[in-house]
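Worksheet: the structure to be examined is printed underneath.
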Amino acid sequence: MSAVLSRQNLFELDREGMECFFAETLGEKRYRAHQVMKWIHHRHVTDFEEMTDLGRVLRSRLASVAEVLPPQVHFDRPSSDGAHKWLLGMDARNAIEMVYIPDKGRGTLCVSSQVGCALNCQFCSTATQGFNRNLSTAEIIGQVWVAARHLGNVPHRQRRLTNVVMMGMGEPLMNFDNVVRAMNIMRDDLGYGLANKRVTLSTAGVVPMIDRLAEVCDVSLAVSLHAPNDDIRTELVPLNRKYPIAELMDACKRYAMSRKGTSITFGYTLMKGVNDQPEHAHQLARLMKRFDNAVQMKDAGKVNLIPFNPFPGTRYERADEAGIRNFQKVLLDAGVLAMVRRTRGDDIDAACGQLKGQVMDRTRRQTEFQRSLDRRADDNRYEVA
Ligand code: SAH
């Protein structure tokens, strides 16, 4: 009975973990671990009996000590514009939403890192759900697995899944180890074989963890900026009180310098009358220019303008079309690379900031988490135990 209770979910393990598990628990060679990873992530097989190149004895050993347990698909729904949304059960009480967005030769999957979010960004509907818990590595990579299986994605062949963005629910840098392990599998040839630059971690700006990420994991970085000055940013992103813009830009500079030649994308959600005025665009342009100079690279910072997506109960409104165009023009005229991210999946509530899932908020936990956030720590103790 105890063997059953402690079965290892192989979705938890990246290449290193898998090799270790095969060597230490099974006394098996490394290439066996590789075979199993391919069965799981390339061929989407979860039943050891179907892993026919393993041999009968190993297959039944595996079945007694391990399992391959993907998230449960509660439902999935196509959007009229080609986007696709899933509601995935993480446990009996919690579910998250995931979105796939095909666009001119690429297919981007938007993946969640937490059930809910504790950062309380004022314009994000995930914030209204509260925070419940971090997702495990298995629950994060399991999302990619579900989409890859649905899309019939095969690495090195017809790739319908070309990019992953950690832009679903949650703050990925607050769930650091699990997110890094999952991103390792996304970038591994034995996993999903995505190039480093095609895996993007998006953060609201957890400064110490940006530095830690630079040390351990080579992926693209997106920073949710949303404001050109601290007054507005603190109102929209409360985390700014702890890590103000100057500190955030310094961390971005260190990240960009550590991987020469790659740029950082700054997300800027445009809200009518809040951060969409021409003076804000000019201020943002100056901030971006200073960043380029600091990194000594043209277009070191790119701006991704996101028209605000409303949700029930929000006090914000989408900036109007002319205002958005004008904002972009100010940036372009100043020599700043700026694009407008067009809303997709509107008809299925799959757009940025609309992902909700089902979150059973355990309020005490939320308070504890918030307290740990408020503590200004110089070390890296930001994950929830
Ligand atoms: N916590 C991380 C990952 C979430 S990414 C981060 O903040 O980057 C989700 C993206 O959608 C962020 O850029 C976020 O700012 C943006 N967003 C949130 N709510 C939105 C809304 N209502 N309309 C448009 N964009 C929104």
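The values are calculated or read from the model by the stated rules, or taken from the named source; none is laboratory data. Only a predicted model underlies this, so the values are computations on that prediction, with no experimental measurement involved. Cβ: placed from backbone, ideal geometry, glycine included. Neighbour counts: every protein chain shown. Keep in mind that these areas ignore ligands, DNA and RNA; they rest on the heavy atoms of the full protein, side chains included. Shrake-Rupley method; radii C 1.70, N 1.55, O 1.52, S 1.80 Å.
Outside the structural domain of Thr200 (by TED's automatic domain parsing), touching a residue at least 24 places away in the same chain (Cβ under 8 Å), more than 24 Å from Pro307 (Cβ to Cβ) and open to solvent by less than 20 Å² (accessible area, probe 1.4 Å): is that true of Leu58 in this structure? Here the answer is yes, as Leu58 does meet what is asked. Among the residues of region 1-60, those identified as polar (S, T, N, Q) and either within 25 Å of Val180 (Cβ to Cβ) or touching a Leu at 6+ places or on another chain (Cβ under 9 Å) (or both) are Ser6, Gln8, Asn9, Thr25, Gln35, Thr46.
In the set Asp81, Asp91, only one residue is part of a loop (DSSP other than H, G, I, E, B) and either aromatic (Phe, Trp, Tyr) or over 22 Å from the mean Cα position of the chain (by Cα) (or both); that residue is Asp81.
With respect to Tyr243, is the statement that it is more than 25 Å from Phe311 (Cα to Cα), assigned by TED's automatic domain parsing to the domain that holds Asn184 and without any contact (Cβ under 8 Å) to a residue 40 or more places away in the chain true? Show your work before the answer.
Working: more than 25 Å from Phe311 (Cα to Cα): yes; assigned by TED's automatic domain parsing to the domain that holds Asn184: yes; without any contact (Cβ under 8 Å) to a residue 40 or more places away in the chain: yes.
For Tyr243, the condition - more than 25 Å from Phe311 (Cα to Cα), assigned by TED's automatic domain parsing to the domain that holds Asn184 and without any contact (Cβ under 8 Å) to a residue 40 or more places away in the chain - is met.
Cβ-Cβ distances below 7 Å connect the following pairs, each with a first residue in region 5-21 that is without any contact (Cβ under 8 Å) to a residue 24 or more places away in the chain, a second residue that is in a helix (DSSP H, G or I) and surrounded by fewer than 17 Cβ atoms within 10 Å (Cβ to Cβ), and a separation of six or more residues or different chains: Glu19/Arg30.
The number of residues in region 116-133 that are away from the ligand (no atom under 13 Å from the Cβ) and not small (Gly, Ala, Ser) comes to 2. With respect to Glu97, is the statement that it is surrounded by fewer than 20 Cβ atoms within 10 Å (Cβ to Cβ) and either of a type in the set (Asp, Glu) or in contact with a Cys (Cβ under 7 Å, 6 or more places away or on another chain) (or both) true? It is false that Glu97 is surrounded by fewer than 20 Cβ atoms within 10 Å (Cβ to Cβ) and either of a type in the set (Asp, Glu) or in contact with a Cys (Cβ under 7 Å, 6 or more places away or on another chain) (or both).
Among the conditions (1) within 16 Å of the ligand (Cβ to nearest atom); (2) closer than 19 Å to Ile101 by Cα, the only one that Pro208 does not satisfy is (2). Screening Gly313 against (1) within 16 Å of the ligand (Cβ to nearest atom); (2) crowded, with 20+ Cβ neighbours inside 10 Å; (3) small (Gly, Ala, Ser) leaves a single unmet condition, (2).
Determine whether Ile185 is surrounded by 24 or more Cβ atoms within 10 Å (Cβ to Cβ), away from the ligand (no atom under 12 Å from the Cβ) and of a type in the set (A, V, I, L, M). For Ile185, the condition - surrounded by 24 or more Cβ atoms within 10 Å (Cβ to Cβ), away from the ligand (no atom under 12 Å from the Cβ) and of a type in the set (A, V, I, L, M) - is met. Pick out the one residue from Arg233, Arg212 that is touching a residue at least 12 places away in the same chain (Cβ under 8 Å), more than 25 Å from Ala338 (Cα to Cα) and basic (Lys, Arg). Step by step, each of Arg233, Arg212 is checked, and only Arg212 is touching a residue at least 12 places away in the same chain (Cβ under 8 Å), more than 25 Å from Ala338 (Cα to Cα) and basic (Lys, Arg).
Flag set for Ser113, criterion: of a type in the set (Ser, Thr, Tyr), in contact with a helix residue (DSSP H, G or I) (Cβ under 8 Å, 6 or more places away or on another chain), within 13 Å of the ligand (Cβ to nearest atom) and not assigned by TED's automatic domain parsing to the domain that holds Gln35. Against the condition without any contact (Cβ under 8 Å) to a residue 60 or more places away in the chain, away from the ligand (no atom under 16 Å from the Cβ) and of a type in the set (A, V, I, L, M, F, W, C), how does Ala92 come out, does it pass? Spelling it out, Ala92 is indeed without any contact (Cβ under 8 Å) to a residue 60 or more places away in the chain, away from the ligand (no atom under 16 Å from the Cβ) and of a type in the set (A, V, I, L, M, F, W, C).
Are any of the residues in region 27-40 hydroxyl-bearing (Ser, Thr, Tyr) and over 27 Å from Gly152 (Cβ atoms)? Walk me through how you get there before you give the answer.
Here is the first cut: in region 27-40, the residues hydroxyl-bearing (Ser, Thr, Tyr) are 31.
Now drop any that are not over 27 Å from Gly152 (Cβ atoms), which leaves none.
No, region 27-40 contains no residue that is hydroxyl-bearing (Ser, Thr, Tyr) and over 27 Å from Gly152 (Cβ atoms).
Yes/no per residue for (1) closer than 20 Å to Asp230 by Cβ; (2) surrounded by 18 or more Cβ atoms within 10 Å (Cβ to Cβ); (3) away from the ligand (no atom under 15 Å from the Cβ):
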residue: Ala246; (1), (2), (3): yes, no, yes
residue: Met249; (1), (2), (3): yes, yes, yes
residue: Ala256; (1), (2), (3): no, yes, yes
residue: Thr269; (1), (2), (3): yes, yes, no
residue: Ala294; (1), (2), (3): yes, no, yes
residue: Lys298; (1), (2), (3): no, no, yes
residue: Val303; (1), (2), (3): yes, yes, no
residue: Ile306; (1), (2), (3): no, yes, no
residue: Asn309; (1), (2), (3): no, yes, no
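Of all the numbered requirements in (1) open to solvent by 10 Å² or more (accessible area, probe 1.4 Å); (2) within 15 Å of the ligand (Cβ to nearest atom); (3) more than 12 Å from the chain's Cα centre (by Cα), Asn163 misses one, and that requirement is (3). For Gly107, are the conditions met, namely being more than 14 Å from the ligand (Cβ to nearest atom) and surrounded by fewer than 18 Cβ atoms within 10 Å (Cβ to Cβ)? Answer is no for this residue. Highlighted here are the strands (runs of 3 or more DSSP E) found entirely within region 114-188 that include at least 3 residues which are touching a Leu at 6+ places or on another chain (Cβ under 8 Å) and at pLDDT 95 or above: 163-166. Pick from region 211-241 the residues that are away from the ligand (no atom under 13 Å from the Cβ) and among the basic types (Lys, Arg): which of them is farthest from Leu287 (Cα to Cα)? Among those residues, the one meeting the criterion is Arg212.
The residues listed here are Val206, Val179; of these, the one that is of a type outside the set (Gly, Ala, Ser) and either more than 13 Å from the chain's Cα centre (by Cα) or within 14 Å of Glu16 (Cα to Cα) (or both) is Val206.
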